[in-house]
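Encoded as structure tokens, the structure appears first; notes follow it.
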Amino acid sequence: MQIRRVLASCFLLGAILALTAQTQSLAASPATASSDKKDKAARPQPASDGDRAFRQNCSRCHQAPESFPPQISGTIVRHMRVRASLSREDERAILKFLNP
Amino acid sequence: MSHDSYRLHFRIQRRLCTFALLLIASFVARAAEAQDTPLISGGVGFITITNGGNTTYLPVLSPLLAAPIGSHLLVESRATLIESFFPKGGGQIGYTSAPFLDLTFLQGDYLANRHLTIVGGEFLTPFGTYNERLSPIWIGNFADGPLILPLGTMGTDSSVGGMLRGSAISTAKFSIDYAAYFSATSTNPQFNAERSSGGRGSIFFPNAGLEIGTSYGRLLQGTHENFSGFHVWWEPVDSPFKLRSEYAHGPHSQGYWVETDYRLSRFGGPESALGRLEPIFRMQQTFRNSPDSSDGLPSADTQRADFGLDYHLPHEVRINTSYARQFSSTGNRNVWETGIVYRFLFPTWKGK
């Protein structure tokens, strides 16, 4: 009985988290559009290939480092190419993203 | 202009062009080299685990070295140094300690072409996702790994031999990656591995943030055994919500884990006091099909629910906390975990 309660609580928590995530995701677009009108300078640019590749390959497992010296950007990307099986295109895009 | 002076002028022009090209090439090469300085990364932390009333203190240092050689080679290695402080037991009061030093991997990677990387040395066994992706202390959300981790990784987590891996196909709508390996037996304490082979393949749909994959491993020494597994990761685009799950099956046991986390970055941004919080939840179950003391899973069916809360401090510092309740016919128990981890990343020398 105790196990069932814990399992039920877990599933409930998971469902709440999933719903919250979806709600926040949907709510994000209008908020961005609203701020666009207020401040053109703050208008978000379309995600670059590098930004997309970084989010799809690197951010899925870990947070991006806050900062790092540019002379190791190539080494980071080469490490990630092996670890995350990056395609050549994604490798180049991420390198350009990290070291524009 | 005479014919001879024209030829002389042409030669000078050609040599100037050649010199200019060489100069540009050397600058390009320098620029490429300037980004390829070897790096040292990793994590240092202090973790406490209270399992069934016994508290263990674990100062941990896990450095990683990555050194590119030329344009196709990369040598990388990760080690783990732990000094465990745990109760003496047997009715004695006080703590005793034990050091632990492990070379997690030491591998050479040859980037053969756009689809293939050849790996040699000691490498993390490519079974499931946790071992390769989430095991570093500066990445994993919980201080300990899932219960089913030994299945498919042959109990050693690392293999000694060769591996082929890479991206088979990569388009805007989906990508497929693969890894296949063969490992020899190694009884060296720093390169401990079982004779085995196996691999993993997965397909990723970037628009949905969905990854589905499968793994297979075969133990090739002693009693030959097969291990299989599959994993599903769902990380919706533009959402901090993450769902990761794995299932693994061995000849004597099986199990799964499902982990969700949601960083509250929507509430004031990721740098706000609330946005640095990350609630985490993990559910695990293992099932014992037949007695086997060597596969690393609990001896009886086990259910466990982990409730965690991580806090991302500035400057790459993270605090991990979690509480788990574990249910088993051998006894129910509480598991409390706390930890603080600092992630470092810097070049081995200043470079250009």
Regarding the range B:200-263, what are the three Cα extents along the principal axes, ordered largest first, in Å? 48, 20, 11
Distance (nanometres) between label positions extended 7 Å along Cα→Cβ at B:Lys88 and B:Asn334: 2.7
In whole Å, what are the extents of the range B:50-140 along the principal axes defined by its C-alpha atoms, from largest to smallest? 60, 25, 19
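Nearest 500 deg cm²/dmol is fine: what mean residue ellipticity at 222 nm does chain B get from its DSSP H runs of n ≥ 4 alone, each adding -39,500 (n - 2.57), divided by its residue count?
Numbers: 1 runs with 32 residues, N = 352.
Helix-only estimate at 222 nm: -3500 deg cm²/dmol.
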Full extension between B:His72 and B:Thr223 adds, at 0.36 nm per residue less the Cα distance, a length in nm of 50.5 nm
For the range B:33-191, what is Rg from Cα atoms divided by 2.2 N^0.38 Å, rounded to two decimals? 1.23
For B:138-150, what's the mean count of beta carbons from other chains sitting within 10 Å of each residue's beta carbon? 1
Residue-averaged beta-carbon neighbours from other chains (10 angstrom radius) around A:63-71: 6
What three numbers, in Å, describe the spread of the alpha carbons of the range B:172-310 along their principal axes, ordered from the longest? 56, 39, 30
The range B:39-168 - charge dipole about Cα centre, Lys and Arg +1 at Cβ, Asp and Glu -1, debye rounded to 20: 140
I want to check the label-to-label distance for B:Leu103 and B:Thr50. Put each point 7 Å from Cα in the C-beta direction and report it in nm to one decimal. 3.9
How long are the three semi-axes of the equivalent ellipsoid of chain B, in whole Å, if each is the root of 5 times an eigenvalue of the C-alpha gyration tensor, listed from largest down? 45, 25, 22
Please report, in Å, the Rg and the Dmax of the range B:292-348, where both are computed over Cα atoms only. 16.7, 51
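What Kirkwood hydrodynamic radius, in Å, does the range B:251-352 give when the mean of 1/r is taken over all pairs of distinct Cα atoms and then inverted?
One decimal place: 16.4 Å for the Kirkwood radius.
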Across peptide B:236-244, how many C-beta atoms of other chains are within 10 Å of each residue C-beta, on average? 6
Trypsin sites (Lys or Arg not before Pro) lying in DSSP loop within the range B:109-203, provided at most 11 other Cβ fall within 10 Å: B:Lys173
Virtual spin-label span in nm between A:Asp49 and B:Tyr311, 7 Å along Cα→Cβ: 4.3
Note, ³J(HN,Hα) from phi for the range B:111-124, Karplus 6.51, -1.76, 1.60, rounded to Hz, x at Gly and Pro: 7, 5, 7, 5, 10, 9, 10, 9, 10, x, x, 9, 9, 5
Treating only Lys and Arg (+1) and Asp and Glu (-1) as charged, each at its beta carbon, one finds that chain B has a dipole about its Cα centre, in Debye to the nearest 20, of 1020
In the P(r) worked out for the range B:117-171, what percent of Cα pairs fall beyond 16 Å? 50
At what distance in angstrom do the alpha carbon centres of the range B:285-352 and the range B:128-185 lie from each other? 17
Simple Cβ-charge dipole of the range B:269-352, Lys/Arg +1 and Asp/Glu -1, about Cα centre, in debye nearest 20: 280
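Here, each number is a calculation from the coordinates, and none is a lab measurement. Predicted model, so just to flag it, every value in this text is computed and none were measured. For neighbour counting, all protein chains shown are included, and Cβ atoms are generated from backbone atoms with ideal geometry for every residue, glycine included.
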